[in-house]
Structure formats: structure tokens, C-alpha cells
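The values are calculated or read from the model by the stated rules, or taken from the named source; none is laboratory data. These numbers come from a predicted model, not from an experiment. Positions of Cβ are backbone-derived with ideal geometry, glycine not excepted, and every protein chain shown enters the neighbour counts. The area values use the complete protein model at the heavy-atom level, side chains included, leaving out ligands, DNA and RNA. Shrake-Rupley method; radii C 1.70, N 1.55, O 1.52, S 1.80 Å.
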Amino acid sequence: MKSKTALVILLLCAVAAAGGAAQKKGKGSKKVAPPDYANTLAILQTDMGDITLKFHYDVAPHHVENFVNLAAKGFYDGTLFHRVIPGFMIQGGDPLTKKPEDPRRPYGTGGNVVDGQEVRVKAEFNETPHKRGVVSMARAADPNSASSQFFIVVKDSPFLDRQYSAFGEVVSGMEVADKIAAVPRNASDRPNQPVHIKKVVLSQAKSMS
């Protein structure tokens, strides 16, 4: 009977010690605040200059979260604008463009792959018109196939409205987007000379003057 009582006391002491350690650890650790997506700015640092984006979190929250989270991990750093059409748009965000093109997986077919599966974002079609400067997500025939590729509209394109998920807009650097759209390109609308997104820098709009 005494041995059972002793065992129970030992177990209670162990539980109390573990709880105290966890409490101590909790006090010492800092909580990481979630990103303020609605007030985030993204500066695309390209070979031809900077393009600054703000996001429409109110109408396309999942697309904004997807883009910002990928940018925070450096996903877009070193990718190319692999498709440019003057008078229409410039498209980037394909991770395959970080390496020489593989004919079996041409540029424009890549996305955000996690554990062997491409992450897809459900469509968030909204009332944002695809006017000059709007940022929207590229996709395949399936409306819910957006992953990481995006495009910036350089001319009003109302035929895209409610067909693609607009999730942001350019707030500075449209002249850079125009330059990229105008670069010499081949029959597949691929720039003859690579145009890189060297880095995407995130900041908070409220801290910007």
C-alpha cells in the first residue's frame, strides 16, 4: 500500500515539475504576431526597377495570404517575368524560372509545390475591375488552379473581370511594368533577355511615409 502511495506521489511531482517547466518556457517565449495582410506592401525589386504592390485583402484574403506568405519565404526571389505582352500584362511567379528551362516542364507550368503536391488557391472572383495596374492570379482552365503565378495588367482588360482573382494593385512603379511589357520577346511572349524579380521586400503600409 505504501509503495502505491509513494508511486502516486512521484507521479504527481513529475506532472507538477513538467507543468512548471512548461509555464516557465511559456513566460520566456515571445508570441509571433500574424502578418497584417491588409496593410502589407510588397516591393518587387526587378532588373528594370522597383514595383510596389498593395493588396485587396477585403475581397481576396486567401490569395493575399498566399502571395505574402510565399514572398516572406523568398519564394519569388530570383524568378523571371516569363510572359510579357505589350498593351496587356506581364506575368511572373513560376519557380521553374529559377533554373534553365526544361522542355519537359516549360516556363509557365510551375507552381508552389509542398510535399509533392501543388498548392492551389480556391477562386475569389470579385468586383475589382482589371484596370491598368491591377494585380491578379494566373490560373489554368480550372478556376481553382491558381498557385503562385501572378500578372500585372498594363492596360485596362475588362474581359478578365470575374474570371480571374484580382488581389492587389500597383501603387508605384507602373513605368517599370511598362518597360518590362515592352521588352523584345519571342513567339511565346518570352523576353529575349531575362527580366528577374531579384527580391520581394515586404513592409507595412502604415509605416511608410
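Going through the range 152-164 one residue at a time, which ones are open to solvent by less than 10 Å² (accessible area, probe 1.4 Å) and either of a type in the set (Asp, Glu) or closer than 19 Å to residue 52 by Cα (or both)?
152, 153
Please determine whether any residue of the range 175-198 is closer than 20 Å to residue 61 by Cβ and assigned to a strand (DSSP E or B).
Within the range 175-198 (the criterion being closer than 20 Å to residue 61 by Cβ and assigned to a strand (DSSP E or B)), the answer is no, since none of the residues qualifies.
Restricting the first residue to the range 164-190 and requiring it to be in contact (Cβ under 8 Å) with a residue 60 or more places away in the chain, which pairs with a second residue that is in a loop (DSSP other than H, G, I, E, B) and of a type in the set (D, E, K, R) meet a Cβ separation below 7 Å and a spacing of at least six or different chains?
Once the first residue is in contact (Cβ under 8 Å) with a residue 60 or more places away in the chain and sits in the range 164-190, its partners that are in a loop (DSSP other than H, G, I, E, B) and of a type in the set (D, E, K, R) give 165/124.
To keep it simple, each residue is scored yes or no on (1) in contact with an Asp or Glu (Cβ under 9 Å, 6 or more places away or on another chain); (2) among the basic types (Lys, Arg); (3) surrounded by 17 or more Cβ atoms within 10 Å (Cβ to Cβ).
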| residue | (1), (2), (3) |
| --- | --- |
| 49 | yes, no, no |
| 61 | yes, no, no |
| 68 | no, no, yes |
| 92 | no, no, yes |
| 118 | no, no, no |
| 124 | no, no, yes |
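Might you check whether a residue that is within 17 Å of the chain's Cα centre (by Cα) and not β-branched (Val, Ile, Thr) occurs anywhere in the range 152-162?
Checked the range 152-162: no residue is within 17 Å of the chain's Cα centre (by Cα) and not β-branched (Val, Ile, Thr).
When both residues are 6+ apart or on different chains and their Cβ atoms are under 9 Å apart, which pairs have a first residue that lies in the range 103-126 and is in contact (Cβ under 8 Å) with a residue 40 or more places away in the chain and under 20 Å from residue 165 (Cα atoms), and a second that is open to solvent by 70 Å² or more (accessible area, probe 1.4 Å) and among the aromatic types (Phe, Trp, Tyr)?
From the range 103-126, no pairs qualify.
Among the candidates 143, 129, single out the residue that is in a loop (DSSP other than H, G, I, E, B), more than 20 Å from the chain's Cα centre (by Cα) and either more than 15 Å from residue 66 (Cα to Cα) or modelled with pLDDT under 95 (or both).
Testing whether each residue is in a loop (DSSP other than H, G, I, E, B), more than 20 Å from the chain's Cα centre (by Cα) and either more than 15 Å from residue 66 (Cα to Cα) or modelled with pLDDT under 95 (or both) leaves just 129.
Kindly indicate the residue of the range 166-196 that is over 18 Å from residue 134 (Cβ atoms) and of a type in the set (A, V, I, L, M) and also least open to solvent (accessible area, probe 1.4 Å) among those meeting that condition.
Here the answer is 195.
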